[in-house]
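S.K.: Would you mind keeping the following structure in view while I ask a few things?
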Amino acid sequence: MTQEAHVTQGPLTTETGAPVADNQNSETAGVGGPMLIQDQLLLEKLAHFNRERIPERVVHARGAGAYGTFTVTADVTKYTRAAFLSEVGKETETFLRFSTVAGNLGAADAVRDPRGFSLKFYTEEGNYDLVGNNTPVFFIKDAIKFPDFIHTQKRDPYTGSQEADNVWDFWGLSPEATHQVTWLFGDRGIPASYRHMNGYGSHTFQWNNEAGEVFWVKYHFKTDQGIKNLTAADAEALAGKDPDSHQRDLRESIERGDFPTWTVQVQIMPAADAANYRFNPFDLTKVWPHEDYPPIEIGKLELNRNPENVFAEVEQSIFSPAHFVPGIGPSPDKMLQGRLFAYGDAHRYRVGINADHLPVNRPHATEARTNSRDGFLYDGRHKGAKNYEPNSFGGPFQTDRALWASTAVSGGTGNHEAPSHAEDNDFVQAGDLYRLMSEDEKARLIENLAGNIAGVSRDDIAERAINNFRQADDDFGKRVEAAVQALRPLCA
Ligand code: HEM
């Protein structure tokens, strides 16, 4: 669909459909006199205009979206009973919103930042949302740290700008971030476009099959366009020249019929492996190395339709990691558990209590049958149906079958750290990632990190940050330190 298809016919009207005689001159008392309160068109236009914005997302405010199709390419019924995954060749409509994390709504696209990869599957058993990123890991491993972390990425309360001091102070004091920071300052930290990057579910999720057996799963969406990235210098130039570069690229490629696709893979861990796996399988700062659990191809995702209205379909779209369907559920990952609350709460604040009823958000392959009613902008869809359950009037009923299987727990309540497994520490996978890089990649990583850390105003903050890289790999730490020293001599 292109913009030309959206022409409306007939005279301009007020909000209530009355024809407008003059949309150029407001009504005044005499020529050159003050304006009149009876000019309904003027009042309506000014008042509506004042209310055009809703709160932007507190993170991932800047984004672009498109509809598409997910097609199953492998039989996974022995792992999950999810209906949309039940048959090879089965197609499900999707909506995918890409985003950057830290910038405000009008920020430039070509920046060093993770990219959001929020995917909604409109399945016949309800909408399933996978709200991931273009990185397989994250900076922290407990939801309680998320507001502090994001405060360091957003604008400082005093300067009103993003501050290198805050960013590196937090990362230096949160050694578990070292893996994700190493990833972010490497080549993949600035994708060339949304089409040229992978997506990941990042967390571990539960799949359960008809027999009730549990599997732990990680999702990977591998771009078929090939990975393409921007260097820091190219990104800086592009961000100034075309702040909307990612958004434009996605829309234009779909308009010309060049539909981007991703090959969908999963890593699958039988539930019995989890307790003794070498890493805590629910720790979001770690990957499952592919030699332990090789990715299996299960599907293809294609984006093939642009939204017709960006505000209605992208700004008002809502995604929640808590939107599961039968056969899929959460894991005990403490980040995921926190997110199960955070998103619904954000939607009710940002879009309103009836956000789920909007065309982009409601189920497309089934209907929502709830007894929730009314609230701001309720559209009366339930007409006169009874609004309680159980009822004797043929109303919707419970199924007595949980979406996901139960998992065992033990011990007392408390502010517990997630369990540490045999090879867990904050640095091991950051070091592995560094050692995997070619010499050229390492050189760019060091340059990117040093250029950023050199902007920190205090030596102790810079040194603590560098020390984390030293612990990941001695050569890595030494090289970052030397490169920072060359730009900004440290006192130590
Ligand atoms: C406990 C940690 C986290 C919390 C509390 C949190 C909270 C939020 C909130 C409140 C929003 C705005 C939602 C809205 O207004 O509609 C959001 C957006 C988003 N978050 Fe998180 N987040 C967390 C971690 C993560 C992680 C680990 C990922 C990726 C793996 C992620 C990916 C996203 C994405 C992609 C969006 C944009 C959703 C959209 O396109 O509408 N977040 N997050």
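S.K.: Tell me, Kirkwood radius of region 308-450 from alpha-carbon pair distances, in Å? Provide the component values of the computation, followed by the final result.
M.R.: On the way: mean 1/r = 0.0489 Å⁻¹.
Hydrodynamic radius (Kirkwood, Cα pairs) of region 308-450 is 20.4 Å.
S.K.: Got a sec? Charge dipole of the chain, +1 on Cβ for Lys and Arg, -1 for Asp and Glu; which of 197, 13, 50 is way out at the positive end?
M.R.: Among 197, 13, 50, the one farthest towards the positive end of the dipole of the chain is 13.
S.K.: Also, I was wondering about something else. Considering the options 275, 295, 247, tell which one lies farthest towards the positive end of the dipole of region 242-310, charges being +1 on Lys and Arg and -1 on Asp and Glu at the Cβ, about the Cα centre.
M.R.: 275
S.K.: Give the aspartates and glutamates whose C-alpha is closer than 12 Å to that of residue 383, dropping any in the same chain fewer than 8 places away, or say none.
M.R.: 374
S.K.: Under a point-charge model restricted to the Cβ atoms of Lys and Arg (+1) and Asp and Glu (-1), what is the dipole moment magnitude of the chain relative to its Cα centre, in debye to the nearest 20?
M.R.: Result for the chain is approximately 580 debye, rounded to the nearest 20.
S.K.: Dividing the convex hull volume of the Cα atoms of the chain by its residue count, what figure in Å³ per residue is obtained?
M.R.: Working: hull volume 104.0 nm³, N = 492.
It comes to 211 Å³ per residue, whole-number rounded.
S.K.: Take the Cα atoms of region 157-294, find their three principal axes, and give me the spread along each one in whole Å, biggest first.
M.R.: The Cα atoms of region 157-294 stretch 55, 46, 27 Å along the principal axes, largest first.
S.K.: I'd like the Kirkwood hydrodynamic radius of region 1-52, using the inverse of the mean 1/r over distinct C-alpha pairs, in Å. Write out the running numbers ahead of the final one.
M.R.: Values: mean 1/r = 0.0761 Å⁻¹.
In region 1-52 this quantity evaluates to 13.1 Å.
S.K.: Let me ask another. Of 486, 342, 419, which is farthest on the positive side of the dipole of the chain, counting Cα position, with +1 on Lys and Arg Cβ, -1 on Asp and Glu Cβ, and the Cα centre as origin?
M.R.: 342
S.K.: Among 422-435, 380-393, how do they line up from the highest to the lowest mean number of other beta-carbon atoms within 10 Å?
M.R.: Working: 422-435: 17.9, 380-393: 10.1.
Listed from highest to lowest mean packing, they are 422-435, 380-393.
S.K.: Whole-Å semi-axes of region 428-487's equivalent ellipsoid, largest first, each the root of 5 times a Cα gyration tensor eigenvalue?
M.R.: Working: eigenvalues 72, 34, 13 Å².
Taking √(5λ) for each Cα gyration eigenvalue gives 19, 13, 8 Å.
S.K.: Assign one of three labels to region 223-369, namely rounded, prolate or oblate, based on the Cα gyration tensor with a ≥ b ≥ c the square roots of its eigenvalues; rounded applies when a/c is under 1.5, prolate when it is not and a/b is larger than b/c, and oblate otherwise. Let's see the in-between values first.
M.R.: Numbers: a/c = 1.72, a/b = 1.18, b/c = 1.45.
It is oblate, given that a/c is not under 1.5 and a/b is not larger than b/c.
S.K.: I would also like to ask the following. How charged is the neighbourhood of residue 368? Take every other residue with its Cβ under 10 Å from the Cβ of residue 368, and add Lys/Arg as +1 and Asp/Glu as -1.
M.R.: Result for the neighbourhood of residue 368: +1.
Coordinate-derived values only; no laboratory data. Just so it is clear, the structure is predicted and the values come from calculations on it, not from any experiment. Note: ideal-geometry Cβ built from the backbone for every residue, glycine included; neighbour counts use all protein chains shown.
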